[in-house]
Amino acid sequence: MSAREQIYAKIKTALDPLPEREPRPVVPRGVADAQWLRDEADDVALFVKRASAVGTKCFTSAGDCLSWLFEQQVGKVYVPDALADLTAKFDGIVQVVRQYSRGQVDEIDAALTPAAGAIAESGTIILTDQSTPDRLAALAPWTHIAVIRKESVHRSIADALAAMPDDPNIIWITGPSKTADVEGILIEGVHGPGVQGCLLV
Amino acid sequence: MAKQPIDTFVAELPPTVQRAVHQSTATTTEKRYRLLGDDYADSDALRKLAGAIRQHALEHLDTYLAQAEESLTARGAKVHYAVTGEEANRAVTEILQSAGITKVVKSKSMVTEEIHLNDYLAEHGIESVESDLGEYIVQIDGDHPSHIVRPIIHKTRGDIARSFEREGLGDYNDDPETITRRARKLMRGKYLAAGAGITGANFVTADTGRLVLVTNEGNSRFCLAPAKIHIALVGIEKVVPSDADLAVLLNLLGRSATGQQLTVYTEFINGPRHQNQPSGPEEMHVIFLDNRRTEVLASDCKEILRCIRCGACLNVCPVYRQASGHAYRSVYPGPVGAVLSPLLAGDKFKELADLPKASSLCGACNEVCPVDIPIPDLLLRLRRRAHDEHVPSPGTPPMEGFALLGSHPLIWRAAMTFGAAKDYLPLDRLPVPYLRSWLKKRTLPKWRGGKFRSWMKSRHGGNGK
């Protein structure tokens with residue numbers, strides 16, 4: 001008997017004697033929404049509030065984003081072609097790189113990549129394989145800025161789950177990479193970005 | 001005097017570790033409590049709903065597991081099954097060897113701890129590096145995690161700095177930020193050199209086959225982004241019916257585990273990378289592992305399989321706070337471990353049968369459990385099983401004398417009358433070890449035996465009615 005057959009046979013042996021099985025509970029949409037969500041009128045404003053609360057830096061214009069990058073004196077900034085129009089003014093002010101490859105993992109200091117969406121309730125950025133030009137580009141640089149279209153912001157976590165895109169890899173990012181493994185002290189930028197940002201367009 | 005094994009561990013625990021564990025678990029418990037209170041009018045109802053979702057999934061595991069397999073296969077993932085840990089380890093090794101891979105990176109997974117995957121891979125010439133900061137430190141120290149969510153809760157920054165120095169990661173430096181940066185740099189190289197990334201899964205949804213992975217560090221994301229092959233080891237009990245159920249479970253997981261609304265990175269994976277995506281695995285293997293879970297499912301403790309490994313029961317438990325994780329002598333410590341570890345031990349049940357007794361049954365573990373597992377009830381069922389299987393219980397005082405007293409009214413009344421003599425006897429010098437050790441730190445009050453009976457008789461005009 002294969003391992004698969006053995007396991008299914010054992011599950012059957014375990015479950016068959018049950019006089020009745022637990023019925024599927026009704027899970028009303030929104031049952032796990034935070035109670036303060038109903039008092040919030042504007043999803044985009046809520047997203048900015050919640051994202052800021054978890055340490056995500058929010059920009060509302062490409063100009064602000066550029067000024068900040070300039071002030072931080074970042075080195076190479078990766079910007080894919082898909083965002084070329086949006087970042088037309090970047091060239092000359094910061095050093096823009098248009099192509100990303102694995103060999104540049106330690107060279108690129110900041111990257112802008114398009115997001116697939118966002119969640120207002122939790123201040124979460126949603127990336128997918130199809131929205132992201134390169135998974136490493138959105139992960140390895142110290143600074144990552146996700147470009148979010150305002151109309152792609154979901155109100156709640158439940159809404160985002162109900163509208164999951166057909167993509168083999170979806171990642172929700174709620175703040176910068178962090179750890180509290182050493183004596184419970186919070187340190188940001190463990191493996192992923194130490195600065196997580198977003199630009200709302 | 002004979003002691004329970006857990007007492008021996010507590011006695012040997014350095015006070016610094018005990019204080020650190022206590023402080024950290026108390027803080028997390030407080031954060032959890034505050035966040036749930038702020039965000040929900042009735043978080044208890046939500047816990048109970050989550051419990052019902054998990055119980056339903058377990059009692060229909062045949063359906064949902066098959067559905068998850070189908071969903072994953074349809075999206076190009078390869079699904080394997082393993083009855084034992086040995087089979088799972090062999091399956092991983094075969095996948096790696098047939099692809100000629102000798103270096104892998106791992107994200108934190110309790111199930112791989114359970115089957116000792118790293119040791120197995122090392123024996124077969126494959127380097128497997130833990131990428132979670134805490135797990136990496138556990139690995140280089142040849143130690144064991146002492147908490148489900150915070151593996152090195154028992155280590156100080158000084159311990160870690162010494163380990164890093166020993167591993168050649170720079171001079172002694174115990175600044176947590178420096179430690180983290182050094183790990184970041186080291187791990188970059190490991191990620192890029194690895195041929196495969198190995199992960200667990202927090203949940204698997206049957207309807208879409210999505211494996212859900214949550215981390216705060218981003219290490220699971222980095223394990224997979226440069227890798228050619230993704231191997232996920234998943235306990236068969238992790239399946240939930242649909243994406244919609246995750247709304248309840250994810251909202252409770254982060255809040256219960258670390259007092260966060262959501263963990264920083266929540267990744268949903270149901271196949272190899274998209275064709276337009278340059279980074280990410282070309283192959284995805286999911287190994288569903290039994291390792292006695294079906295035995296637990298058939299037992300009267302099946303509710304423990306609802307567990308989503310948040311660690312809230314460890315943080316709130318007065319015994320865990322005193323004992324720390326190693327006292328549980330198994331992969332899963334704390335209240336969940338006191339139930340799960342003896343059940344997963346198979347014919348070594350007797351060796352861990354003391355764990356269900358290391359509890360005052362205060363019920364705090366049940367109250368904080370995001371899937372409402374009745375842990376105290378399960379502890380009692382396991383105590384009963386240990387009794388039925390005649391497992392010896394060192395340190396338990398003989399109760400036969402009290403049983404005789406308590407079941408014979410005549411003897412009881414006589415004892416109540418003559419018990420007053422105890423006030424005049426040097427009890428601490430009697431050759432009864434239990435009494436001696438008890439009296440070492442306590443004094444008995446003056447004898448008041450029999451007072452209840454006389455009070456009872458004097459009620460309602462002395463006729464006892």
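The values are calculated or read from the model by the stated rules, or taken from the named source; none is laboratory data. This is a predicted model, so every value here is computed, not measured. Cβ sites come from the backbone with ideal geometry, for glycine too, and all protein chains shown count toward neighbours. Surface areas here come from the heavy atoms of the whole protein model, side chains and all, with no ligands, DNA or RNA. Shrake-Rupley method; radii C 1.70, N 1.55, O 1.52, S 1.80 Å.
Just a few scattered comments:
- With respect to the conditions (1) hydrophobic (A, V, I, L, M, F, W, C); (2) surrounded by 14 or more Cβ atoms within 10 Å (Cβ to Cβ); (3) within 16 Å of A:Ile148 (Cβ to Cβ), A:Leu66 lacks only one, and its number is (3).
- Considering only residues in the stretch A:166-186 that are of a type in the set (Asp, Glu) and over 22 Å from B:Pro145 (Cα atoms), the one that is nearest to the other protein chains (Cβ to nearest Cβ) turns out to be A:Asp167.
- Filtered by the rule that a residue be touching a helix residue (DSSP H, G or I) at 6+ places or on another chain (Cβ under 9 Å) and of a type in the set (S, T, N, Q), the stretch A:29-55 gives a lone residue, A:Gln35.
- Taken over the stretch B:318-340, the residue count meeting the criterion of being open to solvent by less than 20 Å² (accessible area, probe 1.4 Å), closer than 17 Å to B:Pro151 by Cα and in contact with a Pro (Cβ under 9 Å, 6 or more places away or on another chain) is 7.
- A:Gln6 fulfils the conditions (1) within 10 Å of chain B (Cβ to nearest Cβ); (2) touching a strand residue (DSSP E or B) at 6+ places or on another chain (Cβ under 9 Å); (3) in contact (Cβ under 8 Å) with a residue 12 or more places away in the chain except for a single criterion, (3).
- Failed condition for A:Gln196, given (1) free of Cβ contacts under 8 Å to residues at least 40 places away in the same chain; (2) more than 8 Å from chain B (Cβ to nearest Cβ); (3) in contact with a Ser or Thr (Cβ under 8 Å, 6 or more places away or on another chain): (1)
- Filtered residues of the stretch B:102-114 (kept if away from every other protein chain (no Cβ under 14 Å) and either out of contact with any Lys or Arg (no Cβ under 7 Å at 6 or more places or on another chain) or open to solvent by 30 Å² or more (accessible area, probe 1.4 Å) (or both)): B:Thr102, B:Lys103, B:Val104, B:Ser109, B:Val111, B:Glu113, B:Glu114
- Only listed residue being among the small types (Gly, Ala, Ser) and closer than 30 Å to B:Lys78 by Cβ, chosen from B:Gly280, B:Gly311: B:Gly280
- Filtered residues of the stretch A:32-63 (kept if crowded, with 17+ Cβ neighbours inside 10 Å and free of Cβ contacts under 8 Å to residues at least 40 places away in the same chain): none
- Breaking point among (1) surrounded by fewer than 24 Cβ atoms within 10 Å (Cβ to Cβ); (2) at the interface with chain B (Cβ under 10 Å from one of its Cβ atoms); (3) touching a residue at least 40 places away in the same chain (Cβ under 8 Å); (4) polar (S, T, N, Q), for A:Ser122: (1)
- Pick from the stretch B:414-465, criterion part of a loop (DSSP other than H, G, I, E, B) and among the charged types (D, E, K, R), ranking: modelled with the lowest pLDDT: B:Lys465
- Hits in the stretch A:85-97 (condition: part of a loop (DSSP other than H, G, I, E, B) and open to solvent by 30 Å² or more (accessible area, probe 1.4 Å)): A:Asp85, A:Leu86, A:Ala88, A:Lys89, A:Gly92, A:Ile93
- If you filter the stretch B:221-263 down to residues that are out of contact with any Ser or Thr (no Cβ under 7 Å at 6 or more places or on another chain) and of a type in the set (D, E, K, R), you find that the one that is nearest to A:Asp134 (Cα to Cα) is B:Arg221.
- Qualifying residue in the stretch B:131-144 (condition: closer than 25 Å to B:Glu283 by Cβ, more than 10 Å from chain A (Cβ to nearest Cβ) and in contact (Cβ under 8 Å) with a residue 60 or more places away in the chain): no
- Among residues of the stretch B:374-403 that are closer than 14 Å to B:Leu343 by Cα, those with a beta-carbon under 6 Å from a residue that is surrounded by fewer than 16 Cβ atoms within 10 Å (Cβ to Cβ) at least six positions away or on a different chain give the pairs B:Arg381/B:Asp300.
- Residue check for B:Thr266: crowded, with 22+ Cβ neighbours inside 10 Å, within 8 Å of chain A (Cβ to nearest Cβ) and farther than 23 Å from A:Met164 by Cβ: no
- Of residues in the stretch B:98-130 being in a strand (DSSP E or B) and of a type in the set (Lys, Arg), the one farthest from the chain's Cα centre (by Cα): B:Lys103
- The set of residues from the stretch B:329-343 being within 16 Å of B:Asp7 (Cα to Cα) and not in a loop (DSSP other than H, G, I, E, B) comprises B:Gly334, B:Pro335, B:Ala338.
Each row is one residue, and each column tells you yes or no for (1) of a type in the set (D, E, K, R); (2) out of contact with any Gly (no Cβ under 9 Å at 6 or more places or on another chain).
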residue	(1), (2)
B:Pro392	no, yes
B:Ala403	no, yes
B:Arg413	yes, no
B:Met416	no, no
B:Val432	no, yes
B:Lys440	yes, yes
B:Leu444	no, yes
B:Gly449	no, no
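- Residue count, the stretch A:170-191 (criterion: of a type in the set (Gly, Ala, Ser), buried (at least 24 other Cβ atoms within 10 Å of the Cβ) and touching a Phe, Trp or Tyr at 6+ places or on another chain (Cβ under 7 Å)): 0
- Condition check for B:Ala247: more than 8 Å from chain A (Cβ to nearest Cβ) and at pLDDT 95 or above: no
- For B:Thr199, the conditions (1) in contact with a strand residue (DSSP E or B) (Cβ under 9 Å, 6 or more places away or on another chain); (2) within 11 Å of chain A (Cβ to nearest Cβ) all hold with the exception of (2).
- All conditions in (1) without any contact (Cβ under 8 Å) to a residue 60 or more places away in the chain; (2) at the interface with chain B (Cβ under 10 Å from one of its Cβ atoms) hold for A:Ala146, with the sole exception of (2).
- Restricting the stretch B:1-41 to residues that are facing chain A (nearest Cβ under 9 Å) and open to solvent by 50 Å² or more (accessible area, probe 1.4 Å) leaves a set whose member that is farthest from B:Arg306 (Cα to Cα) is B:Gln23.
- The stretch A:9-31 - residue that is open to solvent by 70 Å² or more (accessible area, probe 1.4 Å) and over 25 Å from B:Ala50 (Cα atoms) and, of those, farthest from the other protein chains (Cβ to nearest Cβ): A:Thr13
- Residues in the stretch B:48-97 that are part of a loop (DSSP other than H, G, I, E, B), open to solvent by 10 Å² or more (accessible area, probe 1.4 Å) and in contact with a Gly (Cβ under 9 Å, 6 or more places away or on another chain): B:Arg75, B:Gly76.
For every residue, the table says whether it meets (1) farther than 30 Å from B:Ile373 by Cα; (2) at the interface with chain A (Cβ under 8 Å from one of its Cβ atoms); (3) not in a loop (DSSP other than H, G, I, E, B); (4) not aliphatic (A, V, I, L, M).
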| residue | (1), (2), (3), (4) |
| --- | --- |
| B:Val212 | no, no, yes, no |
| B:Phe222 | yes, yes, yes, yes |
| B:Leu233 | no, no, yes, no |
| B:Asn251 | no, yes, yes, yes |
| B:Gly280 | yes, yes, no, yes |
